1. Return the residues of segment 61-95 that are at pLDDT below 80 and under 22 Å from Val126 (Cβ atoms); say none if nothing qualifies.
2. Taking Gly223 and the conditions (1) among the small types (Gly, Ala, Ser); (2) modelled with pLDDT of 75 or more; (3) closer than 22 Å to Arg94 by Cβ, which numbered condition does it fall short on, given that it satisfies the others?
3. Pick from Ala52, Ala65: which is of a type outside the set (S, T, N, Q), over 17 Å from the mean Cα position of the chain (by Cα) and surrounded by 15 or more Cβ atoms within 10 Å (Cβ to Cβ)?
4. Considering only residues that are more than 12 Å from the chain's Cα centre (by Cα) and of a type in the set (Phe, Trp, Tyr), which ones fall in segment 71-84?
5. When the residues of segment 91-124 are filtered to those that are in contact with a Phe, Trp or Tyr (Cβ under 8 Å, 6 or more places away or on another chain) and closer than 20 Å to Tyr58 by Cβ, which remaining residue is most open to solvent (accessible area, probe 1.4 Å)?
6. For Ser77, work out the one condition from (1) surrounded by 19 or more Cβ atoms within 10 Å (Cβ to Cβ); (2) of a type in the set (S, T, N, Q); (3) out of contact with any Ser or Thr (no Cβ under 9 Å at 6 or more places or on another chain) it doesn't fulfil.
7. Quick one: in segment 162-192, which of the residues that are modelled with pLDDT of 80 or more and not in a helix (DSSP H, G or I) is nearest to Met114 (Cα to Cα)?
8. Surrounded by 11 or more Cβ atoms within 10 Å (Cβ to Cβ) and β-branched (Val, Ile, Thr): is that true of Val44 in this structure?
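The values are calculated or read from the model by the stated rules, or taken from the named source; none is laboratory data. None of the values given here were measured: they were computed from a predicted structure. A quick note on method: Cβ atoms are made from the backbone with ideal geometry, for glycine too, and the neighbour counts reach across all protein chains shown. SASA here: full protein model, heavy atoms, side chains in, ligands and nucleic acids out. Shrake-Rupley method; radii C 1.70, N 1.55, O 1.52, S 1.80 Å.
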Amino acid sequence: MFVSKISLLGAAIVACIVLVAMMTLAFFDKQMLRRMLVIFGATVAQMAVVVAVVWVVYQTYARWAYLLWFLLVLFLSICWCLFPLQAMWRKMLRPVSAAMLVGSIVVGGSTMLMLPISVFLSIYSVLMACMTASLMQTMMRHQRNQQKPEVLREDMFHQVRNLAQPLAMVVPMLYAGMLLGGVPALEGLLVTLLLIAASFVANILAGVIALRMIKKNKAFING
C-alpha cells in the first residue's frame, strides 16, 4: 500500500510562496499576471487530458490504449513545435507533422521493442519531449537564417547539438530509474545507449524531413 510522504507544512509553504509571487506580479504588471494565469490554466487543462489518458492506459492494458497514448504525445509534440511559429503555422503544419510522425515512429518503435509496454509510456514521452525541443529550435533558427548559403547543413548541425543538450540531462535520470527498478547495470547501460542512438536517428530524420519539405514548398511557390 502506498503511503504518502508529502509534508503538508512544506506544501503550505510552497502555496504561500506562489501566492506572494502572484501578488507581487499583480502589483508590478497586471497584464503579465493575466497571461501567466491563462498559460497556467491551459497547462492544467492539458495535464487533465494527459492524466485521463494515462489512467485509461494503465486500467486497460490494451493495444488501442497504447496507440491512444502514442497519438496524444505525437499531437502534443506537433503543437509544441508550431506554438512559437504561430504566424506561419499553416506553412509549417505539414513539414512539422511529417517530421514528428517519422521521429515518433522511430523512437516509439525502438522503445516498445526493447522495453516492457508499461515502461514505454514514460520513456517514449521523455524522448519525444527532447526531440520536440530540438526540432522547435531548429525550425526557429531556420526561419531566421534561411537566406544564408548552406543553411540546411548548418541547421542539421544545430539539430544534433540541440538534441544532445536535453539528452545529457534526461538520459542519466532514465538510467537511474532503471537501476532503481531492478535492471542489471550492464543491461540498463546497453538499453540506454541504444535509446540514445535511436533518438539521434529519429532526430536527424525529423530535421531532414522538415527542412526538405520547407525547401520544396518554397521552391514550388517561387517557381
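1. Matches in segment 61-95: Tyr61, Arg63, Ala65, Tyr66, Phe83, Pro84.
2. Status for Gly223: all satisfied but (2).
3. Ala65
4. Within segment 71-84, Phe83 is the sole residue that qualifies.
5. In this case the residue turns out to be Met112.
6. The single condition Ser77 does not satisfy is (3).
7. Among those that are modelled with pLDDT of 80 or more and not in a helix (DSSP H, G or I), it is Val183.
8. Against the criterion (surrounded by 11 or more Cβ atoms within 10 Å (Cβ to Cβ) and β-branched (Val, Ile, Thr)), Val44 does not qualify.
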